[in-house]
1. I'd like the full set of residues that are touching a strand residue (DSSP E or B) at 6+ places or on another chain (Cβ under 6 Å) and modelled with pLDDT under 90, limited to region 107-125.
2. Consider only pairs whose beta carbons are under 7 Å apart and that are at least six residues apart or on different chains; among these, list those whose first residue lies in region 449-477 and is in a helix (DSSP H, G or I) and whose second residue is among the acidic types (Asp, Glu) and modelled with pLDDT of 80 or more.
3. Return only the number of the condition from (1) closer than 14 Å to residue 104 by Cα; (2) modelled with pLDDT under 85; (3) not aliphatic (A, V, I, L, M) that residue 150 does not satisfy.
4. Suppose we filter 357, 401 for residues that are surrounded by fewer than 14 Cβ atoms within 10 Å (Cβ to Cβ) and closer than 26 Å to residue 323 by Cβ; which single one remains?
5. Can you work out which of the residues in region 33-69 that are over 13 Å from residue 91 (Cβ atoms) and among the polar types (S, T, N, Q) is surrounded by the fewest Cβ atoms within 10 Å (Cβ to Cβ)?
6. For the list (1) assigned to a strand (DSSP E or B); (2) loosely packed, with under 14 Cβ neighbours inside 10 Å; (3) not acidic (Asp, Glu), I need the number of the one condition that residue 97 fails.
7. Residue under question is residue 282, and the condition is that it be among the charged types (D, E, K, R) and within 26 Å of the chain's Cα centre (by Cα); does it hold?
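The values are calculated or read from the model by the stated rules, or taken from the named source; none is laboratory data. Nothing here was measured: the structure is a model prediction, and the numbers come from that model. A quick note on method: Cβ atoms are made from the backbone with ideal geometry, for glycine too, and the neighbour counts reach across all protein chains shown.
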Amino acid sequence: MHGAKLKKGERVEEPKDWPALPTPAMPLTNHPYNIIVTGVGGTGIVTVGAIIGMAAHLDGKGAGIIDMAGLAQKGGAVYSHIRVANTPDDIHAIRVAAGSADLVLGGDIVVLGTKKVLGAIKQGHTRVVVNTAEFLPGDFTRNADFSLPTERLKRAITGHAGAEQSHFVDAGRLATALLGQSIGANMFMLGYAYQLGALPLSAEAIEKAIEMNGEAVPMNLAAFSYGRRAAIDPKALEALVKPQAGLENDSLKLSQSFDETVARRMAFLTDYQNAAYARRYRDWVEKVRAAEAAKAPGQCGLSEAVARYLFKLMAYKDEYEVARLYSDTSFVERVLSTFDGDKLRLEFHLAPPLLARTNPATGEPKKMSFGPWVLKLFGVLSKFKFLRGTPFDPFGYTDERRTERKLVADYEALLETLIAELKPDNHAAAVALASLPEKIRGFGPVKIRSLANVKAEESDLYEQFRTAARPFLKAAE
């Protein structure tokens with residue numbers, strides 16, 4: 001099962017030759033032991049607190065728990081404050097005060113990185129175990145350039161707790177690979193924290209509490225065990241989830257060098273159109289790379305921008321490309337490996353030229369629904385990609401397709417200018433100009449609207465480039 005998509009209820013079995021997990025030293029509870037569990041609502045954060053509380057009871061200790069979910073319980077920030085002590089009488093207040101946390105268990109790095117959680121951490125004392133899997137908030141749906149400040153949050157956490165006390169683990173990825181679902185990440189992290197010696201509880205009590213909870217018991221027990229293993233032998237765990245040869249998805253792999261990036265995009269453009277089309281892309285990249293090396297030594301930003309954005313413009317998704325991507329057998333295979341059930345039905349929402357009606361409210365084409373039979377049509381249509389860009393292309397006369405072809409030609413004309421006038425002083429403006437296609441987003445009317453905004457910005461950047469390209473004229477004395 002290495003690297004394969006697990007079905008619901010399946011999990012990767014631990015190798016029999018793995019050594020037994022050692023029992024870590026349990027922290028003392030002469031004073032109440034303070035734990036904060038944070039994360040996103042709906043991912044089992046409250047359940048982790050309940051497991052810890054029950055395990056404390058089974059170990060004959062006292063425990064107090066306060067859950068703070070706020071108004072947005074699903075997808076919102078959740079905080080569980082937990083105190084474990086030798087007896088219930090030792091617990092007088094449950095909320096963990098500033099600088100007094102012994103363990104912070106973070107199911108989400110963004111929630112853990114807030115001031116209210118960081119304030120509870122004591123430098124050099126508090127153990128922090130945080131899941132680095134990224135859960136995007138609602139802002140990403142409104143801001144196309146949104147990205148999580150993961151590295152900044154890591155630095156903030158490390159700065160508060162100290163490098164030795166900070167533990168970052170991609171529990172979401174590992175849980176999905178080992179257990180078939182990311183919901184096991186929080187129990188995975190509980191096992192990780194236990195094996196670090198950061199929980200004043202026995203493994204037997206935690207496992208019994210998981211069984212008593214009664215929800216997905218085999219998966220949660222496995223998650224707890226794998227979390228323990230990750231704390232002491234992460235390489236063994238990574239080897240277990242590493243895809244076998246032939247199971248890797250090349251489209252999900254990041255290129256490791258500039259040359260690999262260009263080679264992979266040439267292969268894509270060959271499949272997209274033909275080898276000549278791919279060579280056209282490569283020739284431009286090499287031409288720009290040579291000019292940049294000669295006129296702006298030590299710089300590579302322009303070459304990288306052209307390698308990325310000329311490809312984006314050349315590989316526009318027209319009818320032939322949509323058909324090619326959907327008729328590729330890997331699409332159906334990935335769908336079947338992602339979703340459970342034997343009665344999956346694919347439905348496609350498309351606005352085909354000549355057939356789609358116009359929405360009277362927006363003036364934009366209305367999408368139509370097509371059943372799985374359209375996959376056969378895609379298979380036929382994809383074989384006619386050789387018509388793309390020729391007078392015989394029935395789709396090539398629409399305004400959208402004309403615009404997309406013109407964007408490629410205009411970009412090539414821009415590259416001629418950049419190459420001719422490039423110098424160190426205007427290199428930054430050249431990179432910005434070459435990167436403008438990044439902001440041409442969407443399809444159909446959405447793409448046309450974004451293009452209008454880009455054209456306005458292009459004029460300003462072009463003026464900056466040409467101004468910097470002119471030699472400085474000293475005023476006559």
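1. Once the filter is applied, which keeps residues that are touching a strand residue (DSSP E or B) at 6+ places or on another chain (Cβ under 6 Å) and modelled with pLDDT under 90, region 107-125 yields 107, 108, 109, 111, 112.
2. What qualifies is 468/425; 469/421.
3. (1)
4. 357
5. The qualifying residue surrounded by the fewest Cβ atoms within 10 Å (Cβ to Cβ) is 47.
6. (1)
7. Considered against the rule, which asks whether it is among the charged types (D, E, K, R) and within 26 Å of the chain's Cα centre (by Cα), residue 282 comes out as no.
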